Amino acid sequence: MKKRVLFICVHNSARSQMAEAWLNHTCGEFFEAQSAGLEPGTLNPLAVQVMAEAGIDISNKKTQAVFDVFKSGQLFAYVVTVCDETSAEKCPIFPGPATRLHWTFPDPSQVQGSEGEKLEQVRVIRDEIRGQIEQWCDEVCPQALLP
């Protein structure tokens, strides 16, 4: 049976969506990931674009509220907050018996510069999230990455 993982950030528009997609892509045979936000916003088009560049389509994903996930009664083996340090105090706590993890990533909605510069910064965040997911999968389910 797959272990359920919930990724949470403030708006569920980029970081938590990318983490959900990477986990489902990297070791989806062991985990079923979802994501949610404290104040759900709209999907960040930069996140959609950089994930598409990596071969993962998140363009049809919807943002959802942590409270709605909580009300649904779902239980999770892991709840992972992916807020940056400045948003950490706003990062929600999800009740229940889940193992809680906190991975800090910069907020893609805060990147500055030209469109190309913004894309480059969001690519870096995407790759940081991918690296963290792959490292965690190596630790939690080493057999998941075997050929």
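Brief remarks follow.
- Pick from the range 28-61, criterion in contact with a helix residue (DSSP H, G or I) (Cβ under 7 Å, 6 or more places away or on another chain) and small (Gly, Ala, Ser), ranking: surrounded by the most Cβ atoms within 10 Å (Cβ to Cβ): Ser35
- Condition broken by Leu43, with the remaining ones in (1) more than 15 Å from the chain's Cα centre (by Cα); (2) modelled with pLDDT of 95 or more satisfied: (1)
- For the range 84-101, the set of residues classified as over 13 Å from Leu6 (Cα atoms) and at pLDDT 85 or above is empty.
- Condition check for Glu115: surrounded by 11 or more Cβ atoms within 10 Å (Cβ to Cβ) and either of a type in the set (S, T, N, Q) or at pLDDT 90 or above (or both): no
- Given (1) part of a loop (DSSP other than H, G, I, E, B); (2) touching a residue at least 40 places away in the same chain (Cβ under 8 Å); (3) not acidic (Asp, Glu), index of the condition Ser109 fails: (1)
- Condition met for Arg100 (of a type in the set (D, E, K, R), surrounded by fewer than 18 Cβ atoms within 10 Å (Cβ to Cβ) and not in a helix (DSSP H, G or I)): yes
- Of all residues in the range 8-28 being outside any loop (DSSP other than H, G, I, E, B), modelled with pLDDT of 95 or more and among the hydrophobic types (A, V, I, L, M, F, W, C), the one that is nearest to Val50 (Cα to Cα): Met18
- Here Met1 clears all of (1) under 13 Å from the mean Cα position of the chain (by Cα); (2) without any contact (Cβ under 8 Å) to a residue 60 or more places away in the chain except the condition numbered (1).
- Pairing each residue of the range 48-70 that is free of Cβ contacts under 8 Å to residues at least 40 places away in the same chain and over 21 Å from Arg123 (Cβ atoms) with any residue that is outside any loop (DSSP other than H, G, I, E, B) and among the polar types (S, T, N, Q), provided the two are 6+ apart or on different chains, yields no C-beta distance under 9 Å.
The values are calculated or read from the model by the stated rules, or taken from the named source; none is laboratory data. Nothing here was measured: the structure is a model prediction, and the numbers come from that model. Heads up, the Cβs are rebuilt from the backbone with ideal geometry, glycines too, and the neighbour counts pull from every protein chain shown.
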